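To keep things clear, I will list the structure first and then write my remarks on it.
The values are calculated or read from the model by the stated rules, or taken from the named source; none is laboratory data. Keep in mind that this is a model prediction, so the values were computed, not measured. Heads up, the Cβs are rebuilt from the backbone with ideal geometry, glycines too, and the neighbour counts pull from every protein chain shown.
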Amino acid sequence: MADDMRLIALADLGDSGVTTIETPHGKLAVGVSNGTPFAVSDRCRHLFASLGHGRVAEDGCLECPWHRARYDVDSGTMTRGPQGVAFAPIRGILRKGTNAAARLRRYPVVERDGVLYLAG
């Protein structure tokens with residue numbers, strides 16, 4: 001517990017449920033999904049948008065702000081590829097491609113007294 005790093009107060013997450021925090025591991029997307037805190041690598045596997053500038057969707061997945069790809073924050077896997085008319089013909093290919101297949105790195109995070117901490 002003494003090695004835990006304070007990240008952000010839950011009240012400061014805002015409506016998106018996620019933000020970007022600079023840590024010893026680099027920038028992480030930190031937030032809460034379905035009541036559970038998470039910390040994952042900040043870059044979307046599609047075109048490397050900051051996931052901390054996205055949002056936690058209704059299904060609890062982390063959604064990219066650029067093309068609405070979604071990630072399961074528990075496993076780090078992409079659950080939905082980029083959205084939009086331009087991606088319709090290649091959506092399945094993008095989701096199964098090399099970058100999309102790479103999982104987001106996950107980091108242990110805990111909530112204590114309304115504050116998220118990176119467990120160390």
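Taking the range 66-80 as the range and being buried (at least 18 other Cβ atoms within 10 Å of the Cβ) and hydroxyl-bearing (S, T, Y) as the test, only Y71 passes. In the range 41-48, the condition of being surrounded by fewer than 21 Cβ atoms within 10 Å (Cβ to Cβ) and charged (D, E, K, R) is met by at least one residue. All of R70, R45, R80 fail the test of being among the basic types (K, R) and modelled with pLDDT of 90 or more, apart from R70.
Number of residues in the range 50-65 that are surrounded by fewer than 18 Cβ atoms within 10 Å (Cβ to Cβ) and without any contact (Cβ under 8 Å) to a residue 24 or more places away in the chain: the value is 4. Restricting attention to the range 1-23 and to residues that are in contact (Cβ under 8 Å) with a residue 60 or more places away in the chain and loosely packed, with under 11 Cβ neighbours inside 10 Å, the residue that is nearest to the chain's Cα centre (by Cα) turns out to be A11.
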